[in-house]
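The values are calculated or read from the model by the stated rules, or taken from the named source; none is laboratory data. Here the structure is a predicted model, which means the values were calculated and not measured. Heads up, the Cβs are rebuilt from the backbone with ideal geometry, glycines too, and the neighbour counts pull from every protein chain shown.
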Amino acid sequence: MPAITISDRLTTALQNHPDVDLKPWLPVLRTSIGETEQAIAGTTQILSIAIVGYWFLARTVVAEISVSGFKITDLGLIQKLLLLLISYCYYRFMALATRRRFLRAAYAVIAERVEPWLEEAELGFFVLPPDVFSSEVMASASADKRLAKWIDTLSYPIMAAVAFGAVIVEIYALVTCFLKFGFGDMLLWAIVFASLLFLVQGTLLFSSANNP
């Protein structure tokens with residue numbers, strides 16, 4: 001049995017309750033989408049810093065880290081924790097991206113009923129908080145067919161690179177950690193187990209939102 005999407009459930013609910021006032025929900029959804037976009041941007045920044053930090057530690061470019069006057073010399077522990085942080089950021093990124101998809105699906109259904117002219121003119125993204133995805137959609141709608149096709153085509157590998165680049169880095173980090181610390185490090189095994197849970201769960205979450 002095919003899964004019932006949020007769009008289907010919302011459409012059915014609105015058919016059963018045609019007198020409900022939907023106007024207050026549009027600003028609520030716009031605010032929620034904006035907050036989700038900010039969280040995605042923040043998670044991406046933390047993920048980038050964690051990846052760069054791990055790369056420096058893996059190449060032993062630094063011998064110690066100084067934080068607020070305190071020197072940290074056990075860089076092996078920091079390297080293991082960065083391994084966990086990268087996988088958690090991947091999980092959080094995927095969870096937030098899933099939430100964004102569901103919010104946009106709900107927004108599209110409600111906006112089509114409350115502001116049909118806005119959706120008919122393909123201007124719905126103009127009233128949403130700014131983000132890269134909506135910018136691509138707006139540019140594609142306004143460009144000629146050949147350019148719009150290129151914009152749509154290139155958006156998929158870009159999203160894949162952002163989403164799964166962390167997985168490649170995580171695999172590299174796992175290999176380098178085992179080579180450096182050995183297979184007898186129980187803390188490393190615990191971190192690897194938790195990291196794999198984050199990676200699998202994040203991938204499953206995002207896969208569930210393919211058709212919101």
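Output the residues belonging to the stretch 45-65 that are among the β-branched types (Val, Ile, Thr) and modelled with pLDDT under 85.
From the stretch 45-65, those among the β-branched types (Val, Ile, Thr) are 46, 49, 51-52, 60-62, 65; that's our starting set.
Of everything in the stretch 45-65, those that are among the β-branched types (Val, Ile, Thr) and modelled with pLDDT under 85 turn out to be Thr60, Val61, Val62, Ile65.
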Boolean, Ile171 is of a type outside the set (Phe, Trp, Tyr), at pLDDT 90 or above and either over 11 Å from Tyr90 (Cβ atoms) or part of a helix (DSSP H, G or I) (or both): no
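If you go through the stretch 1-49 one residue at a time, how many are polar (S, T, N, Q) and touching a Lys or Arg at 6+ places or on another chain (Cβ under 8 Å)? Show your work before the answer.
So in the stretch 1-49, the residues polar (S, T, N, Q) come out as 5, 7, 11-12, 15-16, 31-32, 36, 38, 43-45, 48.
Checking which are touching a Lys or Arg at 6+ places or on another chain (Cβ under 8 Å) leaves us with 36, 43.
Final tally of qualifying residues: 2.
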